[in-house]
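The values are calculated or read from the model by the stated rules, or taken from the named source; none is laboratory data. Small disclaimer: the values here were computed from a predicted structure and weren't measured. In this analysis, Cβ positions are derived from the backbone assuming ideal geometry, glycine residues included, and neighbour counts consider all displayed protein chains. Side chains are part of the model used for accessible areas, which takes the heavy atoms of the whole protein and leaves out ligands, DNA and RNA. Shrake-Rupley method; radii C 1.70, N 1.55, O 1.52, S 1.80 Å.
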Amino acid sequence: MDSGAWLVYQKGWKSGRRKASTGFRPKGARGMSNVETLNPATGDRFHPDPERSYTLEARYYIEPEIYEREKAAIFYRGWSFACHAGQVSEPGAYTEFRVADQNLFAIRGKDGKLRAFYNVCSHRAHELVRGSGTKTVITCPYHAWSYHADGRLRSARGSEKVAGFDAEEFCLKQVQLEEIAGFVFVNLDPEAPSLASQTQGLEAEMRRYCPEIDKLKFACRLTYEIEANWKNVVDNYLECYHCATAHPAFADLVDISKYRSVTYGIHSSHIAPAGRADNTAYSFDGGDGTPNSFAGWWLWPNLTLNIFPGPPNITTLHIIPTGPETTLEHFDFYFLESEPSAGEREAIEYMDKVLQPEDIGLVESVQRGLHSRGYRQGRFMVDAARSHLSEHAVHHFHNLVMNALRT
Ligand code: FES
Ligand SMILES: [Fe+2]
């Protein structure tokens with residue numbers, strides 16, 4: 001993996017701060033009531049059966065108290081995307097990343113093993129690293145305590161004069177780490193079951209759609225700040241019901257009539273054959289050996305991995321909550337070379353200038369709409385055939401959210 005990035009965009013999609021919710025919601029849902037109220041005490045009509053269920057209530061996308069519960073129940077317990085192994089391939093290579101409000105870093109030890117730690121000094125809590133780079137020793141900028149890349153405390157000036165000082169107690173605090181096809185994930189919960197055991201079939205399917213996956217190199221990152229709750233952004237990814245109306249070029253790039261979403265335990269797949277090679281999104285060589293599909297996967301709670309039509313590629317869209325109604329997106333591109341070709345640049349341009357603004361405009365409008373006194377919860381458009389119009393994968397996600405919040 002070449003660590004050189006071709007370019008880094010910084011994007012702000014500010015459309016003005018909106019007032020916090022008043023907390024007022026109409027009592028009881030209005031209109032047709034062919035679905036029973038699941039929770040008579042509150043009137044919530046979310047149901048574990050997608051064909052009977054209403055969507056998550058608006059308050060789930062707004063209330064700070066729910067966001068706090070989500071941090072504990074979802075982000076501190078689930079598997080979160082960290083980085084790509086190729087970005088930290090040499091001994092001492094490190095990179096910083098976030099899991100909701102927690103700052104962490106991954107670093108490769110002298111023994112070649114990749115580990116992840118909370119990015120905090122055990123002395124008085126200064127952050128230890130910024131960004132990415134290479135260090136043989138991690139030295140805290142505050143009072144110069146130092147740590148080995150495997151997390152052991154190396155030195156703490158004056159500690160020999162401190163009664164009962166136990167260096168073992170002040171090692172870096174490590175978290176679980178696992179890889180899927182080179183993509184690195186961490187879990188802050190030491191008791192969490194392994195990611196591999198929860199995502200059976202995912203890696204094999206990724207390899208089927210991108211046989212060159214082990215050869216891909218990080219090329220660039222696009223960054224977006226979005227005025228929307230993280231679940232609103234995830235919801236938008238999980239259905240193609242909106243593709244024909246909101247993404248005319250994407251509907252030309254892929255054959256959306258054949259778009260199919262399939263849900264599994266904690267992930268879902270979203271796959272469609274490619275459309276015309278000379279479509280209006282970006283052109284690609286439709287010859288032999290060119291991936292001829294769009295294949296995407298959402299992985300609980302907040303990562304998508306996508307293979308777009310064209311030469312071997314994969315993109316990650318990491319949807320990082322930064323507050324109840326704000327989200328940071330990291331959109332990373334991986335190609336056979338870290339310097340994108342002209343065709344790959346055209347694809348990046350399309351995603352940055354067309355696809356992302358289309359989706360961000362949608363979710364920011366939805367976020368404003370969720371504050372409306374005229375809305376409480378909608379209804380999933382789910383059909384028995386699970387067609388390209390069906391929103392069952394959004395329900396699958398909502399069901400995981402509700403289950404997590406109940407535990
Ligand atoms: S906080 Fe790190 S050495 Fe004091
Ligand atoms: Fe979209």
TODO: Treat each spin label as a single point 7 Å out from the Cα along the C-beta direction, and report the residue 143 to residue 41 distance in nm.
DONE: 4.8
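Quick check for you: with a 1.4 Å probe and neighbouring chains kept, what is the accessible area per residue of the chain, in Å²?
Working: 17990 Å² over 407 residues.
That works out to 44 Å² per residue.
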- [ ] Work out the P(r) tail for the chain: percent of alpha carbon pairs separated by more than 41 Å, whole number.
- [x] 18
Task: For residue 294, distant residues with modelled amide H under 5 Å away - done: 272, 274
Task: Mean Cβ neighbour count within 10 Å, used as a protection proxy, ranking 374-386, 243-255 highest first - done: 243-255, 374-386
- [ ] Taking the dipole about the Cα centre of the chain, with the C-beta of Lys and Arg at +1 and of Asp and Glu at -1, give me whichever of 303, 229, 201 is farthest to the positive side.
- [x] 229
Task: Shape metrics for segment 193-239, restricted to C-alpha atoms - Rg then Dmax, Å - done: 15.2, 37
Open item on the list: Could you identify which residue out of 55, 322, 134 has the top mean-square fluctuation in a GNM of the chain using Cα springs shorter than 10 Å?
Closed with: 134
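Around residue 180, with a cut-off of 13 angstrom between Cβ atoms, what is the net charge of the other residues, counting Lys and Arg +1 and Asp and Glu -1?
On the way: positive: 207; negative: 178, 179, 203, 205, 214.
Overall, the nearby charge balance is -4.
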Open item on the list: I need to check one value: relative contact order of the chain, counting alpha carbon pairs closer than 8 Å and at least 6 residues apart, in percent.
Closed with: 21
- [ ] Compute all pairwise cysteine Cβ distances in the chain, then list the cysteines with no distance under 4.7 Å to another cysteine.
- [x] 83, 171, 210, 220
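List the chymotrypsin sites (Phe, Trp or Tyr not before Pro) within segment 156-230 that DSSP assigns to loop and that have no more than 16 neighbouring Cβ atoms inside 10 Å.
Working: sites: 165, 170, 183, 185, 209, 218, 224, 230; in loops: 165.
Passing sites in segment 156-230 are 165.
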